[in-house]
Amino acid sequence: MAGYRARWREGTSQMHIPCVSVADIELPREVSALYELAYNFWWSWTPSARRLFNTIDSVAWAHYRNPVELLINLEPSHWEPLLNNETFMGTYASVIGEFERYMNVHDHGSLSPVGGSKGSQHGPVAYFCMEFGMHECLPVYSGGLGILGGDFLKGASDLGVPLVGVGMLYRRSYFHQTIDAEGHQQHIYPVLDFNRLPVRPAAGPTGREIQVSAVLPGRQVFAKVWVAQVGRVPLLLLDTDITTNDPADRPISGILYVRGRLMRLVQEFVLGVAGVRALRALDIAPAVWHLNEGHSGFLQVERMCELVSGGSLSFAEAARRVARTTVFTTHTPVPAGNEAFDRSQVQHYLDEPAREMGLDSETLLRLGESEAGSPDAPFNLSAFVLRTSGFINGVSAIHARISNDMWSHVLSEHGSDPIQSVSNGVHIPTWLGPRMLDIFNETFGWGWTEQVLDTGLSDLVERIPDDKLWQAHIAQKERLGRFIRASLLRQFARHGHCPDTLRELQNWFSPQALTIGFARRFASYKRAELLFREIDRLRRLLIDEGRPIQIVLAGKAHPADRSGQELVRHLFGLTQLNDLRGRVFFLENYDIRVARAMVQGSDLWLNTPRRPQEASGTSGMKAALNGALNFSVLDGWWPEAFNGQNGWSIGPDQDIQGDEHVRDEHARDEEDAASLYSQLENEIIPTYYDRDQRGIPARWVRMMKNSIAAIMPRFSSRYMVRQYTERAYRLLSTSR
């Protein structure tokens with residue numbers, strides 16, 4: 001029976017969780033290893049693995065971009081010519097060998113399992129997040145938080161950090177966005193067939209599927225546990241859409257960031273409580289619990305309840321022990337952005353665990369007061385987790401400073417500035433474009449990503465010939481152009497445009513024109529409209545035949561955000577104006593695939609938040625990997641990266657104070673817009689179009705190299721995960 005428990009593979013840092021086979025995949029014995037490869041997201045950041053699946057059936061791969069779906073739909077007869085093809089079989093053997101070497105690598109020295117060796121009393125890090133974005137084929141994410149979660153798991157896998165993720169498996173996911181002919185955002189919620197995705201049910205001691213429960217008012221709700229394998233890191237995903245549950249409870253895991261507040265409360269309660277129980281059911285005893293944002297905060301209640309009702313600890317002692325092993329990463333720099341619920345509603349969910357601990361539920365409710373002594377205020381999950389965590393961090397230096405000011409009344413007993421800074425990072429192999437990867441492999445040598453934190457990257461980047469770097473960048477812009485034209489063709493055909501208009505699309509997007517990328521959630525503080533504030537001034541820049549620019553936009557507004565949806569409609573309408581058509585593009589359904597195309601093909605990455613409301617932001621990091629230059633307000637991560645030679649800043653550069661958000665917004669918008677246009681006209685466009693005798697923008701290329709060298713090591717997921725390991729995980733795992 002022990003073989004059905006989660007365990008470490010001997011001599012490696014890979015956690016193995018047994019799973020139940022669900023997909024109807026029939027593979028010849030000669031290529032049977034494709035099964036495990038298809039169910040491991042390692043393929044999503046490994047070009048050779050993706051090329052292998054493409055070789056099997058290029059048409060199906062282009063359509064599905066999902067190896068499980070690809071293999072399910074293959075006819076048995078499809079394999080015969082492949083098995084007799086020496087080139088294919090050689091490629092198969094090479095990729096499987098690469099995969100096995102990655103999975104079976106020994107621990108990475110100082111980053112071996114936290115707190116001790118495998119098999120000891122110390123377990124892995126349990127990393128909880130409301131959403132995870134590994135690849136577009138598993139759409140259980142909405143945006144930045146989920147992409148960060150996916151990149152975090154990949155970084156931990158690369159470094160051999162023992163970690164297990166915990167999240168939700170949403171049957172209808174986050175919405176699929178389409179834009180109608182009038183620019184209105186349409187919300188489509190496709191039903192996912194989990195049996196055709198790279199996820200499998202976790203297996204219990206009998207080899208059957210595992211279900212865990214959470215006690216809700218008057219009933220139990222059950223969750224099936226699925227596993228998505230992310231390299232050497234397993235991700236447990238909870239699914240309530242099972243026949244064990246009452247039909248009214250099955251939609252709890254239906255939609256990510258559902259509009260109904262009470263349903264959101266239930267979701268987050270189930271994530272926290274059932275998430276802890278899923279780990280227990282698999283015999284996983286985490287040494288450290290990492291809450292990525294406050295959505296999973298109710299796991300603290302479950303952990304306290306375990307310690308009090310299952311042992312001799314008092315509630316106060318249990319709370320201290322829980323805090324000593326908890327890392328909390330907050331992502332929200334404004335009070336209104338933190339998750340809060342009606343106090344009376346939360347009380348219904350805390351009554352039972354409070355009773356088990358011999359408490360009045362008011363004791364737990366007080367931990368969630370955003371203002372001490374305000375019993376009528378909403379229950380704030382961030383405040384609750386802040387009070388029950390031992391290591392707290394923001395995701396940039398500015399964000400940590402703002403958060404310390406914002407939560408000083410909650411953390412008054414923790415000393416001065418208890419919220420530390422661990423800046424976000426991105427997973428380089430996931431976001432680096434194919435042509436740039438070729439250049440880096442050629443210049444740096446194979447396996448360079450493993451040494452990116454330990455080498456003098458500036459010297460290596462300088463070795464890249466200017467013409468080769470520029471040619472690789474132009475090639476990725478050409479790929480972006482093809483992506484844009486294909487996307488707009490589908491969109492315009494759906495809108496009913498005539499064939500002549502559809503043919504006209506083939507002339508849109510020039511890889512030679514300065515290309516500005518802007519892609520993010522359409523929240524008001526991100527100011528997607530700032531670039532269009534002086535439309536006539538912008539129009540002159542767009543239609544300048546000698547030095548044209550083109551703009552690529554993408555982004556979703558939450559279904560409940562009417563102002564954000566109106567902004568989508570407004571910007572889409574601008575793309576349809578006669579003199580802007582073919583120069584400004586709006587790509588619908590912003591997801592990982594759209595983001596990948598845009599960050600790999602843009603020249604200039606624009607970011608225009610109102611300071612200090614951008615906690616970090618990671619899209620600019622991804623663009624920088626690919627040689628794009630950032631043009632951003634000095635907020636979030638950018639002040640830590642900007643050196644005057646790797647991009648441009650928008651607006652004043654004075655130090656941000658805690659009361660920055662109360663300044664007059666209109667005046668600030670005017671000030672930032674003036675800075676934006678002035679630098680575009682006087683600095684950015686001239687630098688891009690100033691070409692040497694080879695036709696290369698020499699100064700622009702120098703800035704590209706500076707950007708790559710300055711940003712890639714410091715803002716990689718490897719650096720981020722190492723920071724958490726050295727500053728938090730090791731410290732907390734030994735403080736039990």
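Values computed for the structure shown
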| quantity | calculated |
| --- | --- |
| Placed amide H near His290: partners under 5 Å, 5+ positions off or other chain | Ala126, Tyr127, Phe128, Val327 |
| Relative contact order computed over the stretch 118-208 (Cα-Cα under 8 Å; 6+ residues apart), in percent | 24 |
| Binned Cα-Cα distance frequencies in the stretch 187-336 - 10 Å width, integer % | 10, 36, 37, 16, 2, 0 |
| Mean Kyte hydropathy of -0.5 or more with a Cα span along the axis of at least 18 Å, helices from DSSP in the chain | 86-103, 144-159, 261-281, 562-575, 698-711 |
| The chain - share of DSSP beta bridges that are antiparallel (%, nearest 5) | 35 |
| Whole-number Å³ per residue for the convex hull built on Cα positions in the chain | 165 |
| Centroid-to-centroid separation of the stretch 562-586 and the stretch 291-369 [C-alpha atoms, Å] | 45 |
| Dipole in debye (nearest 20) - the stretch 203-273, about Cα centre, beta carbon charges: Lys, Arg +1; Asp, Glu -1 | 140 |
| Distance histogram for the stretch 490-603 (every C-alpha pair counted, 5 angstrom bins, percent rounded to whole numbers) | 2, 10, 20, 24, 22, 15, 6, 1, 0 |
| Quotient of C-alpha Rg and 2.2 N^0.38 Å, computed over the stretch 56-106 | 1.33 |
| Coordinate range along principal axes, alpha carbons of the stretch 427-478, Å, largest first | 33, 24, 15 |
| Magnitude of the charge dipole, the chain, Cβ model with Lys/Arg +1 and Asp/Glu -1, debye to 20 | 860 |
| Carbon + sulfur, % of accessible area of the chain - ligands and nucleic acids excluded, 1.4 Å | 48 |
| Relative contact order (%) - criterion: Cα under 8 Å, at least six apart; region: the chain | 13 |
| R0 of 41 Å, Cβ-Cβ distance His666-Thr206: FRET efficiency to nearest 0.05 | 0.05 |
| Förster-model FRET efficiency, 45 Å R0, Glu100 and Asp180, C-beta, rounded to 0.05 | 0.40 |
| Furthest towards positive pole of dipole, Ser423, Thr443, Ser458, structure part the stretch 423-497, Cβ charges | Ser423 |
| Cβ-based charge dipole, the chain, positive-most Cα from Leu236, Gln185, Cys129 | Leu236 |
| J(HN,Hα) series, the stretch 14-20, from Karplus relation 6.51 cos²θ - 1.76 cosθ + 1.60, nearest Hz, glycine and proline x | 9, 8, 9, 10, x, 10, 8 |
| Listed pairs Lys154/Lys526; Lys477/Lys526; Lys468/Lys526; Lys154/Lys224; Lys477/Lys556 exceeding 30 Å between Cα atoms | Lys468/Lys526 |
| Residues with amide H under 5 Å from that of Ile551, placed H, sequence gap 5 or more | Ile516, Val584, Phe585 |
| The stretch 146-221-the stretch 463-486 distance, computed between alpha-carbon centres (Å) | 34 |
| Unit charges on C-beta of K, R, D, E only; dipole of the stretch 556-619, Debye | 20 |
| Selected from Ser77, Phe298, Gly207, residue furthest toward positive end of dipole (the chain; charges at beta carbon) | Ser77 |
| For the stretch 299-430, share of DSSP beta bridges that run antiparallel, in % to the nearest 5 | 35 |
| Theoretical gain in end-to-end length, Ser678 to Asp653 [0.36 nm per residue, Cα-Cα removed] | 7.5 nm |
| Computed P(r) (all Cα pairs; the stretch 596-706; 10 Å bins; percent) | 14, 43, 32, 10, 1, 0 |
| Surface per residue (accessible, 1.4 Å probe) for the chain, Å² | 37 |
| Under 5 Å, built H, 5+ apart or other chain: amide partners of Ala203 | Cys19, Val20 |
| Accessible surface of Met89 - all protein chains present, 1.4 Å probe, nearest 10 Å² | 50 |
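The values are calculated or read from the model by the stated rules, or taken from the named source; none is laboratory data. These figures come from a predicted structure and were not determined experimentally. Backbone-built Cβ (ideal geometry, glycine too); neighbour counts: all protein chains shown. Areas reflect the complete protein model, heavy atoms only, side chains present, ligands, DNA and RNA absent. Shrake-Rupley method; radii C 1.70, N 1.55, O 1.52, S 1.80 Å.
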